[in-house]
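Single-structure report; data block below.
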């Protein structure tokens, strides 16, 4: 197998994908989890986002170029919290941040073909741990595009904010702006995030949740008698 004409990227050791996407047809696949979780600031559980410029740091790790897009989920609520609120080295989370989130849980009801970026054999294709952690998305998004071209449903990878690198995230491929569930995923149940449970999970990671600001009613000072 060759890796095309693209040389390895010196700063991370992460190779670029092969020019010919069919060279990735033997890339390791992952079995899906029993259910998937999403945290959003609205009640619509699914949304796929694409990008116009690959070099931007905005958006997600495995975003696809427009008109296609990517929807991110986790195998557990814990993993979703890591990706949603602990990005950028956060060690203190305001309780208001948790109160604004909606939690969607959906069962996996059918087969799906996920490229497994966490598989040991992925190293033979030029993948290393940087694919889960680098903030230079111009190095990770080309891999998503190549997998999309060979009809993979998405990518399985590790959550960057999880210091133990145990939590699994999934990037599902679809059409930019679409609100349909990914193939093989059933109807989602959407509820407001249970803040008590979220605080418990975050405390287990050494993250401090600061209470919501106390609202103080103000008005004219009563005259002294």
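Read-outs: derived from the displayed coordinates by stated rules, not from any lab. Just so it is clear, the model here is predicted, and its values are computed rather than measured. Here Cβ is always computed from backbone atoms with ideal geometry, including for glycine, and neighbour counts include all displayed protein chains.
In this simple spin-label model, placing a label point 7 Å from the Cα along the Cα-to-Cβ direction at both residue 192 and residue 12 gives a separation of 3.8 nm. With neighbour counts taken as other beta-carbon atoms within 10 Å, the residues 138, 169 rank, fewest first, as 138, 169. For the Cα trace of region 21-204, dividing Rg by the Kirkwood Rh returns an Rg/Rh value of 0.94. Oblate is the label for region 88-131, because the ratio a/c of its alpha-carbon gyration tensor axes (a ≥ b ≥ c) is 1.5 or higher and a/b is not greater than b/c.
Compared with the alpha-carbon gap, the fully stretched path from residue 29 to residue 96 is longer by 20.3 nm at 0.36 nm per residue. With R₀ set to 25 Å, the beta-carbon distance separating residue 210 from residue 44 gives a calculated FRET efficiency near 0.30.
By the count of neighbouring beta-carbon atoms within 10 Å, fewest first, 185, 36 end up ordered 185, 36.
Ranking of 205, 156 by neighbouring Cβ atoms within 10 Å, starting from the fewest: 205, 156. Based on DSSP H segments of at least four residues, each scored -39500 (n - 2.57), the chain has a per-residue ellipticity at 222 nm of -4000 deg cm²/dmol. With contacts taken as Cα pairs under 8 Å and at least 6 residues apart, region 21-204 reaches a relative contact order of 36 percent.
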